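Peer 1: Before I ask anything, let me first share the structure, which is written out below as structure tokens.
The values are calculated or read from the model by the stated rules, or taken from the named source; none is laboratory data. Keep in mind that this is a model prediction, so the values were computed, not measured. Cβ atoms come from the backbone with ideal geometry, glycine included; neighbour counts cover every protein chain shown. Each accessible area value is taken on the protein alone, full model and side chains, heavy atoms only, with ligands, DNA and RNA left out. Shrake-Rupley method; radii C 1.70, N 1.55, O 1.52, S 1.80 Å.
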Amino acid sequence: LHLHLTDSQSFPIVLDEPRSAGPVDPAELGRKGGFFSSSSYSSADLRYLVSEAKQRGIRVVPEVDVPAHTLSWGKAFPDIVVNCRHQSSAAQSPTDIPALDPTKNQTYQVIEAVLRSL
């Protein structure tokens with residue numbers, strides 16, 4: 001099961017803080033980057049989903065959109081997102097343009113915290 005966890009419009013997961021998160025709390029992404037607090041998943045929700053899927057012989061493959069489609073990341077960590085002003089086509093949504101800034105150390109800290117929390 002391909003589970004598309006995040007996108008530009010929403011980061012609907014309130015992640016647990018990993019053991020070695022450092023200065024970054026990945027739960028901020030879900031608290032600030034989701035549509036509504038009532039429409040988000042907790043780490044426990046995801047563990048339950050994976051457990052139920054496993055019992056049925058289904059592998060869950062999580063997807064976290066990076067480095068693009070990250071407008072929702074910028075709601076929690078505005079300094080790590082670059083708003084590229086160029087739209088590659090008229091069909092591209094303006095919300096899909098922001099991308100993570102590869103020149104900032106904090107970008108990698110946030111990505112690491114997210115991946116450790118999954």
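Peer 1: Can you pull out every residue in region 51-71 that is open to solvent by less than 70 Å² (accessible area, probe 1.4 Å), of a type in the set (A, V, I, L, M) and more than 13 Å from the chain's Cα centre (by Cα)?
Peer 2: The answer is Ala53, Val60.
Peer 1: Right, something else. For residues that are hydrophobic (A, V, I, L, M, F, W, C) and not in a loop (DSSP other than H, G, I, E, B), scanning just region 55-78, find the one that is nearest to His2 (Cα to Cα).
Peer 2: Per the stated criteria, the residue is Val61.
Peer 1: OK, next. Quick check on my filter: what residues within region 33-49 are farther than 26 Å from Asp101 by Cβ and loosely packed, with under 15 Cβ neighbours inside 10 Å?
Peer 2: Of everything in region 33-49, those that are farther than 26 Å from Asp101 by Cβ and loosely packed, with under 15 Cβ neighbours inside 10 Å turn out to be Phe36, Ser37, Ser38, Ser39, Ser42, Ala44, Asp45, Arg47, Tyr48.
Peer 1: What do you reckon, is Arg59 modelled with pLDDT under 90, of a type in the set (D, E, K, R) and out of contact with any helix residue (DSSP H, G or I) (no Cβ under 6 Å at 6 or more places or on another chain)?
Peer 2: In short, no.
Peer 1: So for region 38-54 (the condition being part of a loop (DSSP other than H, G, I, E, B), in contact (Cβ under 8 Å) with a residue 12 or more places away in the chain and in contact with a strand residue (DSSP E or B) (Cβ under 7 Å, 6 or more places away or on another chain)), does at least one residue qualify?
Peer 2: yes
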